1. Considering each of B:157, B:120 in turn, give the residue that is surrounded by fewer than 19 Cβ atoms within 10 Å (Cβ to Cβ), within 12 Å of chain A (Cβ to nearest Cβ) and more than 16 Å from ligand 1 (Cβ to nearest atom).
2. What's the number of the condition residue B:220 fails, among (1) part of a helix (DSSP H, G or I); (2) more than 11 Å from every other protein chain (Cβ to nearest Cβ); (3) open to solvent by 20 Å² or more (accessible area, probe 1.4 Å)?
3. When you scan segment B:6-28, do you find a residue that is in contact (Cβ under 8 Å) with a residue 60 or more places away in the chain, of a type outside the set (Val, Ile, Thr), crowded, with 19+ Cβ neighbours inside 10 Å and more than 16 Å from ligand 1 (Cβ to nearest atom), even just one?
4. For segment B:188-216, give me the residue count where each residue is surrounded by 19 or more Cβ atoms within 10 Å (Cβ to Cβ) and assigned to a loop (DSSP other than H, G, I, E, B).
5. Determine whether residue B:146 is small (Gly, Ala, Ser) and in a strand (DSSP E or B).
6. Take segment B:209-238 and flag every residue that is hydroxyl-bearing (Ser, Thr, Tyr) and either under 17 Å from the mean Cα position of the chain (by Cα) or within 14 Å of ligand 1 (Cβ to nearest atom) (or both).
7. Taking the options A:276, A:268, A:214, A:248, name whichever one is without any contact (Cβ under 8 Å) to a residue 12 or more places away in the chain and of a type in the set (A, V, I, L, M, F, W, C).
8. With respect to residue A:153, determine if the residue is of a type outside the set (Gly, Ala, Ser) and within 14 Å of chain B (Cβ to nearest Cβ).
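The values are calculated or read from the model by the stated rules, or taken from the named source; none is laboratory data. All values reported here derive from a predicted model rather than from experimental measurement. Reconstructed Cβ throughout: ideal geometry from the backbone, glycine too, with neighbour counts over all protein chains shown. Each accessible area value is taken on the protein alone, full model and side chains, heavy atoms only, with ligands, DNA and RNA left out. Shrake-Rupley method; radii C 1.70, N 1.55, O 1.52, S 1.80 Å.
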Amino acid sequence: MINKTKNRFLKYLPIIVIAVYFAGPIFIGEYLTYLITLMAIMAIVTQGLNVMIGYAGQFSFGQPGFMAFGAYIGAIVVSRMPWIPFPLTILIVALASALLGFIIGFPCLRLSGFYLAMATFGFSSAIFELINYLGPLTGGNEGMYAPAAAIGKWKLTSTDDVYYIAAITVVLVMIGVKHISKTRTGRAWNAIRDDEIAASSMGINLQREKLKVFAFGAVLAGVSGLFYSYLIRYIESSYFSAMGLSFFLIMVVGGTGRVFGPIYGSIFIIMLPQVFGGKFNQHMNLVYGIILVLFVLLAPNGFYGIWDKIRNKSSVNMNLRDKLFSWIKRERVK
Amino acid sequence: MKSPNNDNILTLDNLSISFGGIKAVDGLSLKVNENEIFSIIGPNGAGKTTVFNIISGFYKPDSGTVEFKGRNLVNHKPHEIARFGVGRTFQNLELFSRMTVLENLLIAKHLYVKTRFWEELLKTKNVKVEEARAEDEAYAILNYLGLEQYAHIPISEFPFPIQKRIELARALSLKPELLILDEPAGGLNMVETEELSTIIQRIRDDYNLTVLLVEHDMSMVMNISDRITVLQYGKEIADGKPEEIQNNPMVIEAYLGKGAMHA
Ligand SMILES: Nc1ncnc2c1ncn2[C@@H]1O[C@H](COP(=O)(O)OP(=O)(O)OP(=O)(O)O)[C@@H](O)[C@H]1O
Ligand SMILES: [Mg+2]
C-alpha cells in the first residue's frame with residue numbers, strides 16, 4: 001500500500017514540478033523567478049545534450065557554441081528588424097540552429113566517442129572566436145545588447161515575461177522528448193547508441209539519424225541561448241564558453257538518458273550556490289567538478305538512478321525475475 | 001513443404017576479399033534459388049562470416065559482385081541492403097541487450113513505421129496508429145516463435161539459446177526475402193538444435209523466404225539444406241545436395257585433415 005502510494009507520487013512528481021513552475025512568479029520574488037527561469041533555460045539546452053548523449057550516444061561539447069549562436073543570431077536579427085514578433089524570432093533561431101547543426105554534424109559523422117567530443121569542442125571554440133572576430137556585427141569582446149522579446153508594441157522586458165516563455169517551452173520540450181523517446185526516431189537513436197552494426201542491419205540510416213540528433217540538440221541549444229539573451233539582455237561570448245561543464249553536470253546529476261533528468265539536474269545545480277552562497281561561489285567550479293566526479297563514480301545514473309534503486313525494492317523487478325526463473329525451470333523439464 | 005523453384009534470388013560472382021595478405025574469400029561464385037535453404041559450411045576461418053558481411057554490406061569486396069533480385073549489392077550500405085530485403089543474424093549476437101525483447105523487435109520495424117519526426121514530437125494520431133500496428137506485428141512474430149511471454153524483459157536476462165531465438169525473431173521482423181543466419185545453432189544443445197531445424201523450415205515455408213545458412217552442426221545442415229557449398233581458405237571446394245557433400249572426399253579431408261581418407 002505504502003509502496004503503491006510512493007510509486008504514484010514518484011510518477012506524478014514531474015507534473016507537480018511543472019505545476020510549481022507555472023505558479024511560481026505569483027508567490028516568489030523576482031530573484032527567485034530569475035533563478036527558475038535560468039533553470040528552465042539550462043534544462044532546455046541540457047535536454048538537447050541529454051538526447052544526443054543519453055539517447056543517441058553522440059558525445060558533444062558543441063552545446064555552448066550552439067547556444068551562443070542562437071543568442072547572437074536572435075540579437076543580430078532583431079536589432080536590425082525590431083518588428084519581428086518573438087515567436088517568429090524563436091522560429092528563425094531554431095531553423096538557423098538546425099541548419100548549423102546539419103553543417104557541423106556532417107563532418108562529424110565519421111567520428112565517435114572521444115574524437116567526436118574533441119571535434120565539437122573545436123566547433124564551440126571556433127564560434128566564440130568568430131563572435132569576437134565579427135566585431136561590427138557582434139560587438140566583439142565587448143558583447144552586445146540583446147533586444148527583449150516583443151510582439152508589436154508589447155515588449156516583454158520583465159523577468160516574469162521571460163519566465164513564462166521559458167517555462168512553456170521547457171514543458172513542451174519535455175513532452176516532445178518523451179514522445180520521441182517512445183517512437184520510431186527515439187528507438188533508432190537508442191539503437192545507434194547501443195550497437196551501430198545491429199542498427200544498420202535493421203535498416204537504420206546511421207548518418208541520417210546522427211544528423212537529425214545533431215540538429216535537434218542544436219535547436220534546443222540555440223533556442224535556450226535566445227531565451228538566455230532575453231533574460232540577461234546583454235551577451236558576451238565568454239558567458240557561453242563558461243557554461244560547458246554545467247551542462248554535463250546537470251545531465252549527469254539529473255540522470256543521463258531520462259526525460260526529466262535535466263529538470264532535476266538544473267534545479268540542483270542552480271540552487272546549490274544559493275543555498276551555500278558566499279565562499280562557495282568563489283570555488284564553484286571546484287565544487288561542481290567534485291560533484292561531477294562523485295556522481296559519475298557513485299551514482300552514474302544521477303537522481304533517477306538513485307530512485308530506481310529505491311524502486312527496485314518494490315515488487316516490479318522481483319516479478320521479472322520470478323517470471324524468468326519459472327521459465328528456466330520449465331525449459332529444463334522439456 | 002514447397003519445392004524450391006529455380007529462380008536465382010542471390011548470385012555471388014567471383015567474390016574476393018583479403019585482409020592484410022590473407023585471402024579470406026577467394027573467387028567465390030554461387031547461386032541461391034528462391035525459397036531454398038542454402039548452407040555454407042567449412043572449417044573455422046574458412047571465410048563464411050566474411051561472405052555474410054559482404055552480402056549485408058559491412059565489407060566491400062576487392063572484386064566480384066553480389067546480385068540480389070537483379071541488383072548489385074556491392075557499394076550499398078547495410079541499411080539499404082536491409083531495405084532491399086536481406087535480414088540477418090550474427091554469429092556472436094548483436095542484440096540491443098539493455099532493451100526489452102519487444103523494443104528489439106520494434107527497432108526492426110524502423111522501415112515499416114511510417115511517421116515523420118514532427119508527428120512523433122506531437123504524437124499525432126498517425127503515430128499512435130503506426131506504433132500500434134508495429135507492436136501488433138512484433139507480437140505476431142513473438143507468438144510465432146513462442147516468445148510472447150518475454151516481451152517486456154530485457155535481453156541481458158536471458159540465457160544464450162533464447163537470445164539466439166530472439167535475434168531470429170528480430171531478423172524476421174524486417175520481413176526479409178532473404179534471411180541469412182550465421183551459426184543459429186551455436187551454443188544450443190541437441191534438443192534445441194532439432195527444434196531450431198524445424199523452426200527454420202517452418203519459417204521458410206510460412207514466410208515464403210529464402211534462407212542462407214552458416215552452421216557447424218552437421219546433422220542440422222544435412223537435415224534441412226537443399227544445397228550446400230563448402231568453403232576452405234576462402235575457396236569453394238565442393239557444392240551440391242547434402243548426400244553429395246557427405247560423400248565428397250575433398251570435404252571429408254577438409255574437415256578431418258589430411259590422411260583421414262586413408263585411415
Ligand atoms: N575484419 C577483419 N580483419 C581482419 N581479418 C579478418 C576480418 N574478418 C575476417 N578476417 C579473417 O578472415 C578469415 C575468415 O574469417 P571468417 O570469420 O569469415 O571465418 P568463418 O568461416 O566465419 O569462421 P568461424 O567458423 O570460426 O566463424 C579469418 O582468417 C579471419 O581472421
Ligand atoms: Mg564465422
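1. So the residue among B:157, B:120 that is surrounded by fewer than 19 Cβ atoms within 10 Å (Cβ to Cβ), within 12 Å of chain A (Cβ to nearest Cβ) and more than 16 Å from ligand 1 (Cβ to nearest atom) is B:157.
2. It fails just one condition, (3).
3. Yes, segment B:6-28 contains at least one residue that is in contact (Cβ under 8 Å) with a residue 60 or more places away in the chain, of a type outside the set (Val, Ile, Thr), crowded, with 19+ Cβ neighbours inside 10 Å and more than 16 Å from ligand 1 (Cβ to nearest atom).
4. Going through segment B:188-216 one residue at a time, the tally reaches 3.
5. Numbers: small (Gly, Ala, Ser): yes; in a strand (DSSP E or B): no.
No.
6. Within segment B:209-238, B:210, B:225, B:229, B:233 meet the criteria.
7. Values: A:268 fails: without any contact (Cβ under 8 Å) to a residue 12 or more places away in the chain; A:214 fails: without any contact (Cβ under 8 Å) to a residue 12 or more places away in the chain; A:248 fails: without any contact (Cβ under 8 Å) to a residue 12 or more places away in the chain.
After ruling out the rest, the residue left standing is A:276.
8. Criteria not met by residue A:153.
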